[in-house]
Amino acid sequence: MKDAFESFLKAYNLKSRFNETYLITYWEKIMGASIANRTEKIYVRNGVLFLRISSSPLRQELVLAKSKLMELLNAEIGEAIIQDVVFI
């Protein structure tokens, strides 16, 4: 079943959109409740993750750990989907 689903996503060029939606949906599971509760807005556009964080100290920490954040998210998906992170 999983292989059929993967083939379907590849055939209709939906794999990247599916992975982006997965990141948004499972943001709390990936990053933890404390970060998820302070995330006001999250979306992905053209490989760029846009985040609005309500806590300035947390935002600053995430800015400093931006490359590690991208590695973590891409490792969760298994592909290099996120090329950059922008804090809005």
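Each value in this text was obtained by applying a stated rule to the coordinates, not by laboratory testing. Since we're looking at a predicted model, the values are computed, not measured. No Cβ is skipped: glycine too gets one built from the backbone with ideal geometry, and neighbour counts run over all protein chains shown.
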Next item on the list: Return one number: the angle in degrees, 0 to 90 and rounded to the nearest 10, between the long axis of the Cα atoms of helix 2-11 and the longest principal axis of the Cα atoms of the chain.
Entry: 90
Next item on the list: Enumerate the aspartates and glutamates that Lys66 could reach by cross-link, defined here as Cα to Cα under 12 Å, with residues fewer than 8 away along the same chain left out.
Entry: Asp84
Check: Nearest 10 degrees, 0 to 90: what angle lies between the long axis of helix 15-25 and the longest principal axis of the chain (Cα atoms)?
Finding: 40
Next item on the list: For Ala80 paired with Lys66, estimate the spin-label separation in nm (one decimal), with each label point 7 Å from Cα along the Cα-to-Cβ line.
Entry: 1.7
Check: In nm, what is the difference between 0.36 nm times the number of residues separating Lys41 and Lys2 and their Cα-Cα distance?
Finding: 11.0 nm
Check: aspartates and glutamates within cross-link reach of Lys41: Cα-Cα under 13 Å, excluding same-chain residues under 8 positions apart?
Finding: Glu28
Margin query: Compute for the chain: radius of gyration divided by Kirkwood radius, i.e. Rg/Rh, restricted to C-alpha atoms, rounded to two decimals.
Written below: 1.01
